[in-house]
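Since the structure comes first, as structure tokens, the remarks are kept for the end.
Quick note: the coordinates plus some simple rules give every number you see, no bench work behind them. This structure is a prediction, so every number in the text was calculated from the model and none was measured. Positions of Cβ are backbone-derived with ideal geometry, glycine not excepted, and every protein chain shown enters the neighbour counts.
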Amino acid sequence: EEQAQQLEGQRDDLERANAEVQTKAREVEQASQYKSDFLANMSHELRTPLNSSLILAKLLADNPDDNLTEEQVKFAKTIQSSGNDLLNLINDILDLSKIEAGHEEIRPETLSVERLANNLRQVFQPLAMDKKLDFAIDIAADAPATIETDTQRLEQVLKNLLSNAIKFTEAGQVRLSIHTAGDSNVAFAVSDTGIGIAKEQQRSVFEAFHQADSTISRRYGGTGLGLSISRQLVRLLGGTIGLESEPGRGSTFTITIPQNYSSANVAPREPLAG
Ligand code: ADP
């Protein structure tokens with residue numbers, strides 16, 4: 001009799017504890033959703049006034065009536081470039097919060113590899129030339145002619161990797177090579193002959209707001225968000241991103257994604273910092 005009562009009491013305690021854990025879990029989930037929604041809304045609200053300030057700053061910097069002093073034009077240009085930095089940061093935060101909230105949708109379509117390469121060449125060839133860097137895109141003979149993936153997301157990642165490669169390279173070359181990997185994957189390897197990344201930094205550069213060397217990064221600018229966004233986007237595309245680098249010699253970032261996107265092979269969401 002007594003034992004039965006004791007057991008009954010223990011069961012009640014367990015049920016109470018269980019209910020409490022579930023309530024807490026719902027609260028945490030809810031708070032995280034609030035945070036993501038807040039960031040997304042906030043970023044939208046910040047962009048609107050910033051955009052109009054940028055348009056006006058550009059108008060001043062262009063000095064169409066030729067009635068501003070050289071110094072005033074210089075100030076207007078500084079407003080423009082600081083405003084652009086801020087806009088980039090806001091866009092990056094918006095991207096990350098969308099991904100974190102699970103609001104990022106993948107829209108696969110048929111993409112011509114040749115066309116992708118041409119688009120990227122058009123954007124990056126001139127940037128590389130400005131720094132007197134050799135720039136090339138190689139499409140291997142075994143590369144697929146088309147892939148089924150989200151063009152915009154893939155381009156966003158490749159653009160991030162290519163701009164980093166050019167940004168952190170002072171001499172030599174930046175190269176994108178595209179080839180088949182395994183049975184059904186395609187690999188995009190972005191390699192440079194730039195400053196490289198120390199072994200102990202190679203994992204953390206994929207974390208939000210992380211910059212390998214704060215003195216170097218201050219010199220080069222940037223938000224430290226690009227690679228963590230890229231890593232999340234590649235995961236959404238069903239792929240992986242890897243890095244090989246040697247300080248002073250250069251880096252190679254390789255993304256590998258399925259030639260045919262399927263929501264089945266997308267890895268589960270992971271915490272942003274990790
Ligand atoms: P950002 O470039 O805005 O700082 P990223 O997330 O794209 O942010 O990169 C994080 C850090 O990783 C950079 O600040 C830099 O220290 C390092 N990094 C990224 N790409 C390269 C590269 N190609 N060569 C050397 N360092 C790199």
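Along the Cα→Cβ direction, 7 angstrom out, place labels at Ala140 and Met42. What is the inter-label distance in nm?
4.4
Angle between the Cα long axis of helix 113-130 and the longest principal axis of the chain, 0 to 90 degrees, nearest 10?
60
For the range 190-198, just list the computed ³J(HN,Hα) in residue order, Karplus coefficients 6.51, -1.76 and 1.60, θ = phi - 60°, integers in Hz, with x standing in for Gly and Pro.
9, 10, 9, 10, x, 6, x, 9, 4
Which pairs in the list Lys58/Lys167; Lys58/Lys132; Lys35/Lys98; Lys74/Lys159 are over 19 Å apart, alpha-carbon to alpha-carbon? Walk me through the intermediate numbers first.
Working: Lys58/Lys167 25 Å; Lys58/Lys132 28 Å; Lys35/Lys98 11 Å; Lys74/Lys159 29 Å.
Cα-Cα > 19 Å for Lys58/Lys167; Lys58/Lys132; Lys74/Lys159; rest within.
What does the C-alpha gyration tensor say about the overall shape of the range 137-192? Classify as rounded when a/c is under 1.5, otherwise prolate if a/b is larger than b/c, or oblate.
Oblate is the answer for the range 137-192, as a/c is 1.5 or above yet b/c matches or exceeds a/b.
Specify whether the C-alpha gyration tensor of the range 136-256 places it in the rounded, prolate or oblate class, a ≥ b ≥ c being the square roots of the eigenvalues: rounded for a/c under 1.5, otherwise prolate if a/b is larger than b/c and oblate if not.
Prolate, because a/c is 1.5 or more and a/b exceeds b/c.
Which value, in debye to the nearest 20, describes the size of the charge dipole of the range 89-194 about its Cα centre when Lys and Arg Cβ atoms bear +1, Asp and Glu Cβ atoms bear -1, and nothing else is charged? Can you show the working numbers first?
Numbers: 10 positive and 17 negative charges, 80 e Å.
That gives the range 89-194 a dipole magnitude of about 380 debye.
With θ taken as phi - 60° and the coefficients 6.51, -1.76 and 1.60, list the Karplus ³J(HN,Hα) couplings across the range 245-261 in order, rounded to whole Hz; mark glycine and proline as x.
Ordered by residue, 3J(HN,Hα) equals 7, 9, x, x, 10, x, 9, 10, 9, 10, 10, 10, 10, x, 5, 10, 4 Hz.
Counting only C-alpha contacts under 8 Å and six or more residues apart, can you give the relative contact order of the chain as a whole percent? Please list the in-between numbers first.
Values: 374 pairs, mean separation 42.3, N = 274.
Here the relative contact order equals 15 percent.
Roughly how tilted is helix 2-62, in degrees to the nearest 10 and between 0 and 90, from the longest Cα axis of the chain?
On a 0 to 90 degree scale, this one is about 20.
So what is Rg over Rh here for the chain, counting just Cα atoms and using Kirkwood for Rh?
1.11
Check the straight Cα-Cα distances from Lys199 and name the aspartates and glutamates below 17 Å, setting aside those fewer than 8 residues away within the same chain.
Within reach: Glu207, Asp213, Glu244, Glu246.
Can you tell me the 0 to 90 degree angle between the C-alpha axis of helix 151-167 and the longest principal axis of the chain, rounded to 10?
That helix lies at roughly 60 degrees to the long axis.
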